[in-house]
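The values are calculated or read from the model by the stated rules, or taken from the named source; none is laboratory data. Please read these numbers as outputs of a predicted model, since none were measured by experiment. Quick reminder, even Gly has a Cβ in these numbers, built from the backbone with ideal geometry, and neighbours come from all protein chains shown.
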Amino acid sequence: MEDPYKILGVSKSATDAEIKKAYRKLAKKHHPDLNPSDKASESKFQEISAANDIIGDPEKRKRFDAGEIDASGNETPEHQYYKQYGGRPGAQQYSSGGNFDDMGDIFSQMFRQRQGGAGGFGGGRSFDMKGQDARYHLAVSFLDAVNGNPQRITLPDGSNLEVRIPQGIKTGQSIRLKGKGQPGIGNGPPGDAYVEIEVKPHKLFKREGNDIVVEVPISFDEAVLGGKIEVPTIDGRVRVNVPAGASTGQTLRLKGKGVKPRKGKTGDQRVILKVVMPKVIDPELKAFAEKWRKDHAYNPRENM
Amino acid sequence: MITENDVIEIVKTVDRGQLRVWVRERWVCPAQGTEEAAYNEADIARVRLLDMLANELQVGTEAIPIILSLIDQIHDMRAQMRVLDEVISDQPEDIRMQVLRQALDRC
């Protein structure tokens, strides 16, 4: 890094107050959120803040001046700026509601469309404005999300809002309820409600893409002999055939028993078997294993 | 879900009182959860921006809504420009060239 005094444009004898003032002035000029269209502002601002981190701190400044620390190794970590979010999905709540009527037909038309107005090229002007959007957060159980069970939100005024959950919705997705926001101004339409979904984890099921993954314990005798066992799926229990000689980690695929999204391919359920030995090894089992080992020993670790 | 507690944990230079003032002023607009406010990534970035303006750069309280409003308008504008850019990019080569040429002529 360059000399921090040079970066902030102050002399080595500047007072702490002068440094602070110089830093603020430069930061206001170069902060990336105040220069959303300027890519270079990010590295410029980073440089300014790294310089300020050293000489803006009287302790560190003393050590820097004494040559105990240098300017390198003081790069500030990569920062998340608001400009990465502004004007994008997830930040609709900060839409200015500003009007681009003076920007020509295309822009004002696009604007009116987004605001849910009547639209139409060269349409008349009025003080009608769409109401504000409302934003809700809804935690949905795992099964309600994969099965698309409707939910209800209670609003602060005590009224209810019915929310239809599309099957297979994921955390972070948003549901738009048209016209369920704040009332409009004049003859403007009401705003929309955006419901952000958070899917709560399930104690058995995990989701991987559209597949449902579940670990199912089987007993030692079931592993040896195979047979039918009952396993839970997202729409009830089903009987599944365990092949004889099944091992822990072996996966059975239940075709079409995964998430059925509105768009895209239905997933499968993957059943991962886990052999669980009895809690107590009784003398009979022990005697059998000792006898069996004599003639049938095998080494599952031969490839390790 | 990111709660108010999480926000003041993530952005350490902002305290609860200050955050609540910002929410009351609607400078930060978290979603309304069943029990408490729920913040998303954009809200956190917004809190960081406000922290920078108010605490680090000492911008006065009266100036903040003006700055935010201008920033929001710029982002809306940029969003619309992006849409137009995408639409023009999807046009056949000759139309794209024609748009570009005419735009350059008028700059």
Check your understanding: In segment A:20-55, which residue that is surrounded by 17 or more Cβ atoms within 10 Å (Cβ to Cβ) and polar (S, T, N, Q) is farthest from B:I67 (Cα to Cα)?
Key -> A:N52
Review point. In segment B:86-95, what count of residues is obtained for those that are farther than 20 Å from A:M110 by Cα and surrounded by 11 or more Cβ atoms within 10 Å (Cβ to Cβ)?
Key: 1
Point to revise | Test set (1) more than 7 Å from chain A (Cβ to nearest Cβ); (2) surrounded by 14 or more Cβ atoms within 10 Å (Cβ to Cβ); (3) not in a helix (DSSP H, G or I) - B:C29 fails condition number | key: (1)
**Study point:** Matching residues, segment A:144-173, being more than 30 Å from A:F127 (Cα to Cα), modelled with pLDDT of 85 or more and part of a strand (DSSP E or B)
**Key:** A:Q151, A:R152, A:I153, A:N160, A:E162, A:V163
**Study point:** Boolean, A:I153 is in contact with an Asp or Glu (Cβ under 9 Å, 6 or more places away or on another chain), of a type outside the set (S, T, N, Q) and in contact (Cβ under 8 Å) with a residue 40 or more places away in the chain
**Key:** yes
**Study point:** Answer from A:R164, A:R176, A:R239 - the residue that is loosely packed, with under 14 Cβ neighbours inside 10 Å, more than 30 Å from the chain's Cα centre (by Cα), on the phi < 0 side of the Ramachandran plot and among the charged types (D, E, K, R)
**Key:** A:R239
Point to revise | Candidate set: segment A:1-14, residues that are assigned to a loop (DSSP other than H, G, I, E, B) and of a type in the set (A, V, I, L, M, F, W, C); chosen: the one farthest from the other protein chains (Cβ to nearest Cβ) | key: A:M1
Review point. Can you find a residue in segment B:68-88 that is on the phi > 0 side of the Ramachandran plot, within 12 Å of chain A (Cβ to nearest Cβ) and free of Cβ contacts under 8 Å to residues at least 24 places away in the same chain?
Key: no
Exercise for review: Could you tell me which residue of segment A:71-102 is farthest from the other protein chains (Cβ to nearest Cβ), considering only residues that are at pLDDT 75 or above and part of a helix (DSSP H, G or I)?
Suggested key: A:D102
Study note, to complete from the structure: Restricting segment B:33-64 to residues that are more than 22 Å from A:N52 (Cα to Cα), among the polar types (S, T, N, Q) and surrounded by fewer than 20 Cβ atoms within 10 Å (Cβ to Cβ), the one nearest to the other protein chains (Cβ to nearest Cβ) turns out to be B:T34
Revision key, fill the gap. Okay, helices (runs of 4 or more DSSP H) sitting entirely in segment A:15-70 with 1 or more residues that are within 14 Å of another protein chain (Cβ to nearest Cβ) and in contact (Cβ under 8 Å) with a residue 12 or more places away in the chain, I get A:16-30, A:40-55
Review point. Given the conditions (1) surrounded by 16 or more Cβ atoms within 10 Å (Cβ to Cβ); (2) within 8 Å of chain A (Cβ to nearest Cβ); (3) more than 16 Å from the chain's Cα centre (by Cα), and given that B:I2 satisfies all but one, which numbered condition is not satisfied?
Key: (2)
